[in-house]
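S.K.: Sharing a structure with you now.
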Amino acid sequence: NFLQAPRTGGGGSPASTGGMPRGFKRSMLWAALAIVVAGPTGRAEEVAGDFILRVEGKEDDIIVARANVALAPPADSQPLALVASDPPDACGDVSVPTGASGAFALLVSRGGCTFEQKLINGAAAGAAIVVVYGTVASTYENVTTSFALGDPCAVECAVGSTRISAPGPADATRLRATGFGEVCDALCPTRECAVAGILSSDKVRPGDSLDLCCLPDELMIMNLGSEPDNLPDVPALYATREGGLALLRAASEGARVRGADRSRMLVDPSIPLMWALGVAAVITATWLATARERHLASLAAPVNSRAGKPVASGPEPGQQQRSGEEDEETVDLNATHALIFVTIASIALLTMFVLLRMGMFWVIRVIQIFFCIGCVTALFQFAFYPCVHRVRPSLSRVPCIQSATWGALTASDGVALVLATGLVVWYYVARHSGYAWVLQDCMALAMCAMFLKTVRVPNLRVAAVLLSVFFCYDIFMVFITPLLFHNRSVMVEVAKAGGAGAGRAELADDGRTCQHLPGERMPVLFMLPRMDYGGGYSMLGLGDVVMPGLLVCFALRYDCATRGPRFLWGTPGGKTTSGACAGPSYFILVSLGYGVGLLLALLANLFGVTFNNVHGQPALLYLVPCTLGVVAAAAWVRGDLADMWEAEGLLDTADEVSRVNGDPDRSSAADDGDLGASQTRRVGSANGEGSPGSRNTASSSAVRSREPHSSALSTQGLPLLDP
C-alpha cells in the first residue's frame with residue numbers, strides 16, 4: 001500500500017483532483033496519452049564500423065563501415081591484393097597495374113564525384129571490393145586554390161580551435177592537404193585541422209587571420225542511393241583517413257587483405273536486462289494502476305454465483321451512479337474507441353514521419369514537452385504524493401491555498417508537485433547526458449501507470465478488438481510501409497528520430513559557421529545502454545507496454561472481483577474449487593505470456609528475422625498472441641470465457657458492493673490509514689485537526705452502499721469509503 005492510486009477529490013472543491021484543476025489535468029493527460037499511443041516501438045540502431053580488414057603480417061585490424069545498400073562483403077573471404085586506384089579518386093576510367101592478378105580490393109580516395117560513380121568505375125575495372133578512404137583534401141572545395149570547405153560543418157571548433165596568419169601560395173596547398181599538422185599536432189585528437197569560416201567568394205591574402213578548427217576522422221555509412229538494383233554487385237566499404245593511410249602503405253608493400261565481420265558479444269547484456277525491464281514495467285504499472293481494486297479485494301468476499309462463477313449483472317435501477325470524479329478520470333473503451341485510437345495513432349505517426357523527413361526536427365521537441373507535462377502529473381500521483389504522505393502525513397492537514405478553481409491545496413500537494421516538476425526539469429536539461437536514460441525510464445514507468453489507470457478495457461471482447469487492430473497497425477508500420485516509402489520503415493524512422501537521433505549540424509545564415517547539435521531521441525521509450533562496441537541503446541516503446549498492459553490490467557481487476565483477498569492464487573480461506581478461482585490467477589498467466597512474447601521479439605531481433613530488409617521487430621506481432629491467446633485459452637478451459645467476454649457488470653458491481661467481512665472497525669481503520677493517501681482527504685480546521693464534516697462531498701460518496709447481488713456477499717460491516 002506504499003504507492004497508492006491517486007486521490008479522488010480535493011479538500012475544498014468537487015472539481016479538484018490531486019490539487020489540480022480537472023480540466024487542466026484532463027487536457028494534460030490526453031495530450032500525453034496520445035503521444036504514448038502513437039509513440040514508436042524502439043528498434044536497433046544502425047552501427048557504423050561492423051566490418052574489419054585484416055592485413056597479412058599486421059597485428060592491428062582496420063575497422064571499416066559498409067555502405068547503406070551495396071552488396072555486403074563476404075566474411076572470412078580469400079585474401080585479396082591491395083591496389084591503389086589510378087586516378088586516386090576513381091572519378092574516371094580506372095587503370096589497374098599490369099602486375100595485379102586475381103581478385104583485388106581497390107583503394108579509392110574520397111571526393112571528386114559521388115560514391116555511386118566511384119563504385120561503378122571500380123567495378124568496371126574488375127575490383128572485388130571498393131574501399132573509399134577519407135582525405136583532408138576532400139574537405140575543401142579545391143584544395144589547390146581555396147581555403148573554402150565543401151561542407152562548413154566538417155570541422156568541430158568546440159573540440160579545438162586556434163588562429164593563424166594565412167600562409168603564402170607556396171605553402172598554402174601543402175598545409176591544407178596535410179591538415180596543418182605543425183599547428184594541430186597538440187591541438188586536436190586527430191592532429192589535423194581545417195580552415196573554418198571562409199567562403200569560396202572570399203579573397204584570402206598572405207598574412208590575413210584564419211581560424212583553424214579540429215577536423216574529426218570518423219567512420220560513415222556511405223549513401224549509395226535507394227535503388228540497389230542499379231548498382232554493381234560489388235561490396236563498398238568506407239575507411240577513415242588513418243585507416244586509408246595504413247591500407248595504402250600495405251598496398252605499396254604488396255600485402256594482401258582479408259575481410260571479416262567484427263566480433264561482437266553473442267548476447268549484449270542489455271538484451272536480457274531490457275526483457276526484465278519490460279516485464280517489470282508492465283507488472284509494476286498494472287499493480288500501481290489497480291491499487292483501489294486490490295485494496296477492495298483484500299477486504300471483500302469474491303463476487304460469485306453458479307458454483308463459483310462471477311455475477312455479470314449491472315447496477316440495479318435507481319441506484320447511485322459512481323462519482324462524477326471517477327467517471328471524469330477513467331475511460332472505459334469500446335470497439336469504436338479502439339478504431340479511433342488506431343486511426344489517431346496512424347495519423348500521428350505518419351505526420352511525425354513526414355515532418356522528420358522534411359527536416360522539421362522541432363516536432364521532437366514538441367513531443368518531449370508533451371511527454372514532460374504528462375510525467376509531472378504521473379509522478380505526482382504515483383510517486384511523490386504517496387511518498388510525502390507516508391513520510392510526513394501531517395502535511396496533508398496543513399492547508400496552503402483555497403480557491404474555487406484549484407480546491408484545497410495542502411502542504412503535501414505543494415511538496416509533491418515541486419518534486420515532480422523538479423525531476424522532469426532535471427531530465428529535460430540533462431537529456432543528453434550519459435545518465436538521462438535512468439530518469440527517462442522512471443518517468444516512462446509513471447506514464448504507463450497513468451495510462452493504465454486512465455484508460456481501461458471493460459471486457460475481453462473490447463481487449464480483443466483493441467489488440468487486434470494494434471497488432472495489424474504495428475506490422476504495417478514496421479514491415480509494410482517500406483513498400484510505400486522507398487524502403488523506409490515509418491516506425492523505424494520515427495523511432496530513430498529521423499536524422500536527428502545521431503546528432504546534426506546546423507549551418508548559420510551567413511554560411512560560414514556551423515553549430516553541432518547533440519542527437520535528440522523520442523522520449524516515449526524505455527532505454528538501456530548497450531555494452532557492445534557499437535554503443536547506442538536498446539529501446540522498448542511505451543506502446544509495447546501499455547497496449548498489452550490494458551489486458552494485464554483487466555485480468556487483475558477481474559481476479560480482484562472474482563477471487564477476493566486471494567486474487568493472485570487460489571480462493572479465500574485456501575479453498576480450491578473449479579472455475580474462476582482454481583489455480584493461478586489470470587494476472588499471473590497473462591504476465592507470463594507477456595514475458596514469453598517479449599522474449600520472442602528480442603530473439604527475433606537478435607537473430608535478424610526481417611521482412612523488406614527492416615532492422616527491427618513489431619513487438620506486438622509476438623506480444624498479442626502470447627497475451628490475448630493465453631487469457632482466451634485459460635478462460636475457455638476454466639469455463640470463464642463467456643463471463644470475461646461481457647464483464648462490465650461484474651467489474652462495476654464488484655467495485656461498489658465490496659464490503660468488509662467482519663469487524664466494522666477494520667473498515668474505519670482502512671479508511672483512515674492505507675487509503676488516506678489515495679482515496680480520501682481531510683482539510684484541517686482552525687486547530688489543524690481533520691474532521692469528518694470537512695471532507696469533500698464527492699470523496700465521501702465515491703462508493704455508495706448497495707445491496708449485494710449474491711448471498712455469498714457479506715451483509716455485515718460498513719461501506720468502505722463512507723464510514
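The values are calculated or read from the model by the stated rules, or taken from the named source; none is laboratory data. The structure displayed is predicted, hence computed values, not measured ones. Positions of Cβ are backbone-derived with ideal geometry, glycine not excepted, and every protein chain shown enters the neighbour counts. Only protein heavy atoms, including side chains, enter the accessible area calculation; ligands, DNA and RNA are left aside. Shrake-Rupley method; radii C 1.70, N 1.55, O 1.52, S 1.80 Å.
S.K.: Go through (1) part of a helix (DSSP H, G or I); (2) farther than 21 Å from GLY259 by Cα; (3) of a type in the set (D, E, K, R) for ASP89 and report which single condition fails.
M.R.: Result: ASP89 passes all but (1).
S.K.: Out of curiosity, is PHE382 open to solvent by 20 Å² or more (accessible area, probe 1.4 Å), at pLDDT below 90, touching a helix residue (DSSP H, G or I) at 6+ places or on another chain (Cβ under 7 Å) and within 30 Å of ALA335 (Cα to Cα)?
M.R.: no
S.K.: Enumerate the pairs (first residue in segment 256-278 and under 15 Å from TYR594 (Cα atoms); second residue anywhere and open to solvent by less than 10 Å² (accessible area, probe 1.4 Å) and aromatic (Phe, Trp, Tyr)) with beta-carbon separation below 9 Å, excluding pairs fewer than 6 apart on the same chain, so at least 6 apart or on different chains.
M.R.: Once the first residue is under 15 Å from TYR594 (Cα atoms) and sits in segment 256-278, its partners that are open to solvent by less than 10 Å² (accessible area, probe 1.4 Å) and aromatic (Phe, Trp, Tyr) give MET274/PHE526; LEU277/PHE526; GLY278/PHE526; GLY278/TYR594.
S.K.: Ok, one more. Looking at (1) of a type outside the set (Gly, Ala, Ser); (2) within 43 Å of the chain's Cα centre (by Cα); (3) open to solvent by 20 Å² or more (accessible area, probe 1.4 Å), which one does THR145 not meet, given that it meets all the others?
M.R.: (2)
S.K.: A further question follows. Given the criteria outside any strand (DSSP E or B), more than 22 Å from ASP509 (Cβ to Cβ) and in contact (Cβ under 8 Å) with a residue 40 or more places away in the chain, does ARG176 qualify?
M.R.: In short, yes.
S.K.: Would you confirm whether or not segment 447-459 contains a residue that is open to solvent by 50 Å² or more (accessible area, probe 1.4 Å), in a helix (DSSP H, G or I) and not β-branched (Val, Ile, Thr)?
M.R.: no
S.K.: Is it the case that some residue within segment 421-444 is touching a strand residue (DSSP E or B) at 6+ places or on another chain (Cβ under 8 Å), of a type outside the set (Phe, Trp, Tyr), touching a residue at least 12 places away in the same chain (Cβ under 8 Å) and more than 17 Å from GLU520 (Cα to Cα)?
M.R.: The answer is no; no qualifying residue exists.
S.K.: Which residue out of VAL398, VAL391 is in contact with a helix residue (DSSP H, G or I) (Cβ under 6 Å, 6 or more places away or on another chain), more than 17 Å from PRO523 (Cα to Cα) and surrounded by fewer than 23 Cβ atoms within 10 Å (Cβ to Cβ)?
M.R.: VAL398
S.K.: Related question: Kindly list, by first and then second residue, each pair from a residue in segment 617-635 that is in a helix (DSSP H, G or I) to a residue that is aromatic (Phe, Trp, Tyr) and open to solvent by less than 10 Å² (accessible area, probe 1.4 Å), limited to pairs with Cβ atoms under 8 Å and residues at least 6 apart or on different chains.
M.R.: That search, which allows pairs on different chains as well, returns LEU620/PHE470; LEU623/TYR594; VAL624/PHE470; CYS626/TYR594; THR627/TYR594; VAL631/TYR586; ALA634/TYR586; ALA635/TYR586.
S.K.: Evaluate the following for VAL234: is it part of a helix (DSSP H, G or I) and either of a type in the set (Phe, Trp, Tyr) or buried (at least 16 other Cβ atoms within 10 Å of the Cβ) (or both)?
M.R.: For VAL234, the condition - part of a helix (DSSP H, G or I) and either of a type in the set (Phe, Trp, Tyr) or buried (at least 16 other Cβ atoms within 10 Å of the Cβ) (or both) - is not met.
S.K.: In addition: Within segment 603-633, work out how many residues are among the aliphatic types (A, V, I, L, M) and surrounded by fewer than 21 Cβ atoms within 10 Å (Cβ to Cβ).
M.R.: 8
S.K.: Take segment 350-365 and flag every residue that is touching a Phe, Trp or Tyr at 6+ places or on another chain (Cβ under 9 Å) and open to solvent by less than 80 Å² (accessible area, probe 1.4 Å).
M.R.: Selection gives PHE353, LEU355.
S.K.: Still on this structure, please answer the following. When the residues of segment 463-483 are filtered to those that are under 19 Å from ASN605 (Cα atoms) and of a type in the set (Phe, Trp, Tyr), which remaining residue is most open to solvent (accessible area, probe 1.4 Å)?
M.R.: Ranking the qualifying residues of segment 463-483, first place goes to PHE476.
S.K.: Let me ask you something else. Considering only segment 194-212, how many residues are assigned to a loop (DSSP other than H, G, I, E, B) and either over 18 Å from GLY168 (Cβ atoms) or touching a Leu at 6+ places or on another chain (Cβ under 8 Å) (or both)?
M.R.: Residues in segment 194-212 being assigned to a loop (DSSP other than H, G, I, E, B) and either over 18 Å from GLY168 (Cβ atoms) or touching a Leu at 6+ places or on another chain (Cβ under 8 Å) (or both): 6 in total.
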